[in-house]
Amino acid sequence: MGEVLQEVRVLRLGLMDYGIALKRMRDFTRQRDADTPDELWLLEHPPVYTLGLAADTAHGPAAGCGIPVVQVERGGEVTYHGPGQLVLYALVDLARRGLKVKPFVAMLEQSVIDLLDGRAQRRPGAPGVYAGGAKVAALGIRVSRGCAFHGLALNVDMDLAPFAAIDPCGYPGLAVTQTRDLGFEFSVATAGPRLADILLRKLEHA
């Protein structure tokens with residue numbers, strides 16, 4: 001399930017309920033010490049909307065949408081998770097690595113851009129990764145005692161319809177896309193290890 005690479009354990013966790021993953025992230029971050037290896041978790045979630053600390057409920061979803069809504073401590077606004085979306089949680093001791101938050105966020109974004117062969121880009125003032133004006137990856141982290149948790153979500157091959165019930169990341173009318181529609185043939189299972197490997201190399205040289 002896990003392997004130690006460059007002081008980082010990479011865990012493939014499959015489909016996991018959001019609440020379970022959230023508790024495990026919080027517990028891991030609270031209990032870790034100066035010698036705890038960093039971890040990257042690769043997983044998918046059943047359908048769920050999550051609201052970051054700055055989330056305005058005016059951006060949705062509406063009550064009674066039928067999909068669970070969870071308020072969390074990560075940065076950012078509202079987003080959607082569902083099967084076919086690659087979630088990478090980066091549980092990284094930033095202080096130990098001498099990394100500041102903004103460069104770490106840029107590292108996460110650049111890892112997705114590299115995975116997509118440079119066919120996507122950042123948008124100033126709007127965290128995440130975009131392709132042709134549409135958002136393909138959302139990002140939100142939390143830092144506690146110098147240690148990051150939460151991470152990024154890359155739309156790979158999923159039902160995008162639930163995004164229509166929200167203003168993705170707080171931007172009304174923001175289009176969303178996925179790697180399948182951009183011409184990439186990889187699945188969540190194949191994209192995950194590739195993305196983790198890209199991020200590992202960046203962490204190694206940070």
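The values are calculated or read from the model by the stated rules, or taken from the named source; none is laboratory data. Since the model is a prediction, treat every value here as computed from it, not as a measurement. Ideal geometry is used to build each Cβ from the backbone, glycine not excepted, and the neighbour counts take in all protein chains shown. The protein model used for the area step is the full one, side chains on, heavy atoms only, and it has no ligands, DNA or RNA in it. Shrake-Rupley method; radii C 1.70, N 1.55, O 1.52, S 1.80 Å.
Key figures
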{"item": "Fluctuation leader among Leu139, Leu15, Leu88 - the chain, Gaussian network, Cα springs under 10 angstrom", "result": "Leu15"}
{"item": "Mean separation of Cα contacts under 8 Å, 6 or more apart, over the residue count of the chain: relative contact order %", "result": "22 percent"}
{"item": "Sequence-distant lysines (8 or more away, or on other chains) whose Cα lies within less than 16 Å of Lys100", "result": "Lys202"}
{"item": "For the chain, accessible area per residue (1.4 Å probe, heavy atoms of protein chains only), Å²", "result": "45 Å²"}
{"item": "Cα centre as origin, Lys/Arg/Asp/Glu Cβ charges: the chain dipole, Debye", "result": "500 debye"}
{"item": "Rounded to 10°, Cα long-axis angle of helix 101-115 versus longest principal axis of the chain", "result": "70 degrees"}
{"item": "Helix-only CD estimate at 222 nm, as mean residue ellipticity for the chain, using -39500 (n - 2.57) per DSSP H run (n ≥ 4)", "result": "-7500 deg cm²/dmol"}
{"item": "Between helix 18-31 and the chain: long-axis angle, C-alpha atoms, 0 to 90°, nearest 10", "result": "30 degrees"}
{"item": "GNM top mover of His81, His59, His150 - the chain, alpha-carbon springs below 10 Å", "result": "His59"}
{"item": "Shape of the stretch 58-160, Cα gyration tensor, a/c cut at 1.5", "result": "oblate"}
{"item": "Computed lengthening from Asp17 to Asp197, 0.36 nm per intervening residue step minus Cα-Cα distance", "result": "62.3 nm"}
{"item": "Stretchable slack from Arg26 to Ala164, in nm (0.36 nm times residue separation minus alpha-carbon distance)", "result": "46.7 nm"}
{"item": "Longest DSSP-loop-exposure-free segment, GluC sites (Glu not before Pro), the chain, at most 16 other Cβ within 10 Å", "result": "74-184"}
{"item": "Accessible surface of the chain, 1.4 Å probe, proportion on carbon and sulfur as whole %", "result": "54 percent"}
{"item": "Considering only the stretch 1-82, percent of DSSP beta bridges that pair antiparallel, nearest 5", "result": "40 percent"}
{"item": "Rounded to 5, the percent of DSSP beta bridges in the chain classed as antiparallel", "result": "75 percent"}
